[in-house]
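Worksheet for the structure shown next.
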Amino acid sequence: RTIVVLFTRDLRIRDNPALALASRHADTVVPLYVADDSPPLPPNQRRFLVESLTDLRESLRRLGGDLLVRRGDPVEQTLKLCRLLATDGIGMAEDYGPAARRLRQRLAEAAEAERVGLRLFPGVTIVEPGAVRPTTGADHYKVFTPYLRSWSATPWRPEHEAPQAIRLPADVTGDDPASVIGPVEGGSSDVVDGGETAGLRRWDSWIDREPDYPAIHDDLAADDTTRLSGYLRFGCVSPLVVAADPRTPEALVRQLCWRDFYHQVLHGFPRLATDNYRPGARDAWVDDEPALRAWQDGETGVPLVDAGMRQLRTQGWMHNRARMVAASYLTKDLGIDWRHGAAWFDRWLVDADVANNYGNWQWTAGTGNDSRPYRRFNPARQAQRYDPRHEYRDRWLRN
Ligand code: FAD
C-alpha cells in the first residue's frame, strides 16, 4: 500500500496523526505539499512557509523519506501524483475554514472518482470543532466561558510520536521548497524563523524558564509570551503537545482553548471573515481613507496604538494587548470597518488565520463573540496599566 500524506497546516513530524498512521500502516509513504497561489500568501507568511517546509523536508529525509513540493491546484496536483504512483489512499489533517472545506470537498469527489481513499485526521486543534456542543442543540458555542467548561471536561486524543522511519516508493525524490515556491520579496525585517525545529526550540527554552505566565501575559514591556502563534498557525508545533506538557501553566492552556473556540466558531459560522457574527451589530462604518492609512502606518498620534502598529510591520507579530487596543481604536474610536483592520493584520501577521484573526477582530469590534460588545479600550489608560514606564512605547516609537 502506498499513501500520500498531504500536508496543509500540519508542517511537523511530531504529533502528526496523518503521518504517524501512514508510516505505521502503509508500505510506502509520499509526503506532499502543494503551494496554492490563489491568492498568494503575503511575504511574511510566505517566507515562514518556505522555512517551515525546508525544515520539514530535512526531518523527513533524516527518517529516510523526503518531501515533494508542487505548485498549483492542490486537488489536481495530488490526484496527478496518485495516478503516477498508483497510490491507494490520501491522508490529511482536517481543517475548518471555508477554503479548507471547499478543498476537502473537491478532493473527496476527485479521489472517489479515481477510487483512491481519502482519510482525514485531527491535529489542527486540540479538541475538534463539533466534538463539544452546547446542550441547547446549537452547533457551536457562542460564548467562551461555557465552551471552556465543556472543553476542559473533554478527554484529549493521545499524542503521536514522530515516526521511526518513512519509506518512500522507489524512484521518488523530493523538491527544494525554496526553488518550487520561488523567491520572497518584501515583508518585515525581524520575523521569527519558521519550522518545527525552531518552534520546538522556542517552546523548550520558554517553558524551561518556568515563566509566571499570568503575571507577564499582559505586560507590554516584558513582551514575553510564548510567540508560538506562527508555529501554531502553520502547524509546525502541535497545540496538543503544548497544552499537554505537564509544565504548561493553566492560564496558557486557557489561551489555547481560545484558539479552539474560534475554530469552532468559524466551523459553525463560515462567513466569519466577511459578515458580522452578532445579529443586529453595528454595520455602518466611517469611510476615512487618511485615518485608515495613518493607523496602518502607526501615525495616529496615539502612542500605544502607533507602537503596536510599528511592531506589527517590523516583526510580523504584535503583542496581544496592543492588538486589542489597536483594533478597538480603529473600530470604536475611528469607527472604521473591522474588515479593513483585519485585512491589514492578514497582510503582516505571520500568525494570521481566519479563525483567530477574524474571530478576535469581531470580538474587539463588538460584532462578534464578546458578551460586552460595547466595551472600548482607552489607549491612555491601557498604557498606564500595561506599560507604566513607557518601555514598550519607546521601544517601537523610536523605530
Ligand atoms: P501566547 O500568549 O503565548 O498564547 C499561546 C497561544 O494561544 C497563541 O500562540 C495562540 O495560538 C493562542 N492564543 C492566545 N490568545 C489568543 C486569542 N485571543 N485568540 C485565539 N488564540 C489565542 N492570534 C493568532 O494566532 N492569529 C491571528 O491572526 C490573531 N489575530 C488577532 C487579532 C486581534 C485584533 C486580536 C486582539 C488578537 C489576535 N490574535 C491572533 C490573538 C493573540 O493576540 C495572539 O494569538 C497572541 O498574541 C500570539 O502571541 P503568543 O503566541 O506569544 O501568545
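Here, each number is a calculation from the coordinates, and none is a lab measurement. What you see is a predicted model; the values in this text were computed from it and never measured. All Cβ positions, glycine included, derive from the backbone under ideal geometry; neighbour counts span all protein chains shown.
For this structure, a couple of remarks:
- Neighbour cut-off at most 16 other Cβ (10 Å), DSSP loop, trypsin sites (Lys or Arg not before Pro), the range 334-399: R375, R376, R389, R398
- Here the Karplus relation 6.51 cos²θ - 1.76 cosθ + 1.60, evaluated at θ = phi - 60°, turns the backbone of the range 275-283 into coupling constants of 10, 3, 7, 8, x, x, 6, 3, 9 Hz, with x for every Gly and Pro.
- Annotation note: trypsin sites (Lys or Arg not before Pro) in the range 137-233 located in DSSP loop regions with a Cβ neighbour count of at most 12 within 10 Å are R209.
- Under 5 Å between amide hydrogens, built in the peptide plane, is the criterion, and for L67 it picks out G174, D175 among residues at least 5 positions away or on other chains.
- Burial ordering of F7, F144, fewest other beta-carbon atoms within 10 Å first: F144, F7
- For W156 and R133, the FRET efficiency from 1/(1 + (r/R0)^6), where r spans their Cβ atoms and R0 equals 22 Å, is about 0.80.
- Calculated on alpha-carbon atoms, Rg and Dmax of the range 289-397 in Å: 12.7, 34
- Over the range 2-124: Rg over Rh, Cα atoms, Kirkwood Rh: 0.93
- Part-to-part distance (alpha-carbon centres) for the range 1-50 and the range 344-382, which is given in Å: 30
- Simple point charges give the picture: +1 on the Cβ of Lys and Arg, -1 on the Cβ of Asp and Glu, and for the chain a dipole about the Cα centre of about 700 debye.
- Set of the range 193-223 residues, backbone N closer than 14 Å to the point 7 Å along the Cα-Cβ line of A251: 210-223
- In this rough spin-label picture, where each label sits 7 Å from Cα along the Cβ direction, the R62-I216 distance is 2.6 nm.
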